[in-house]
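Every number here is computed from the coordinates shown, using simple stated rules; none is lab data. Computed from a predicted model, the values in this text were never measured in an experiment. Positions of Cβ are generated from backbone atoms using ideal geometry, with glycine treated the same way; all protein chains shown enter the neighbour counts.
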Amino acid sequence: MEAEHRNPNAAIETCITKGIHRDTIRTVNQNMPDPVALYDLADLFKLFGDGTRIGILWALSESEMCVCDLCALLKMKQPAVSHQLKNLKQSRVVKARRDGKIVYYSLEDEHIRRLLNMGMEHIRES
């Protein structure tokens, strides 16, 4: 324990040989998305970092719903649900359809449903 205080890097693993695997780096680099795409992907995953948004997304993965239905289901007030729907819509994760005075929300596409299902499958396996 005392040794860890003297050397904060003691627990960090390092390469013993100090060599790199050029073929591995070259192969991985060819498949790496550009930094902008990685940033966009990180933003997408941030949307999944909030329990309220996950609840909304899960509900919309089951059925198209209006704000009032989402509020009743999630036991939340309308401004809170509307705020999250606005964020999800701006991020192109949720889309809206107007039918008279009612706006119905649904997932933008099947990819979002698959992400939710894959995440839940991972949680249930743990």
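Quick notes
- Computed per residue of the chain from DSSP H runs no shorter than four, each worth -39500 (n - 2.57), the mean residue ellipticity at 222 nm is -18500 deg cm²/dmol.
- GNM top mover of Val93, Val36, Val103 - the chain, alpha-carbon springs below 10 Å: Val36
- Simple point charges give the picture: +1 on the Cβ of Lys and Arg, -1 on the Cβ of Asp and Glu, and for segment 38-125 a dipole about the Cα centre of about 400 debye.
- Relative contact order (%) - the chain, alpha-carbon pairs under 8 angstrom, separation at least six: 19 percent
- Degrees between helix 110-125 axis and first principal axis of the chain (Cα, 0 to 90, nearest 10): 60 degrees
- Gaussian network model of the chain, springs between alpha carbon atoms under 10 Å - residue of Leu41, Leu70, Leu88 with greatest fluctuation: Leu41
- Cα-based equivalent ellipsoid, segment 24-64: semi-axes from gyration tensor eigenvalues, Å: 32, 11, 8
- Ascending count of other beta-carbon atoms within 10 Å, so fewest first, for Ser126, Ser82: Ser126, Ser82
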